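Here, each number is a calculation from the coordinates, and none is a lab measurement. Computed from a predicted model, the values in this text were never measured in an experiment.
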Amino acid sequence: MSTSDKTLLTAAQAAQVLSLLQSDDAFRSAFAASPSLALQSLGIAPNADGSMCAPVDALASKEAFAATADALKQHLQSCGAFVLPHFFEAGAGN
């Protein structure tokens with residue numbers, strides 16, 4: 001799939017996802033169980049081929065999201081949430 005086929009998040013969507021991953025236990029639980037369904041619940045559309053964010057083994061901590069929020073927001077706006085789901089995984093070192 002080319003980059004043009006991937007759904008990019010708006011600045012508002014990226015900020016919302018990262019805010020929820022930093023602070024909202026219910027959203028974090030939903031995202032850990034099914035990132036695609038959690039993103040769809042926010043009105044984020046899947047990629048052109050219907051795919052979305054792949055699951056992660058262990059969701060990063062709230063603190064880890066807070067520490068890297070600016071870099072993740074920039075990545076989500078330029079590449080989309082669906083390119084590198086390991087950015088959301090605990091211990092990924094990003």
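Values as computed for the structure displayed
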item: Sequence-distant residues sharing a close amide H with Leu59 (under 5 Å, placed H); result: Ala90
item: Cα gyration tensor, the range 12-83 - rounded (a/c under 1.5), prolate or oblate; result: oblate
item: Potential lengthening between Gln16 and Asp49 on full extension [0.36 nm per residue; Cα-Cα distance subtracted]; result: 9.5 nm
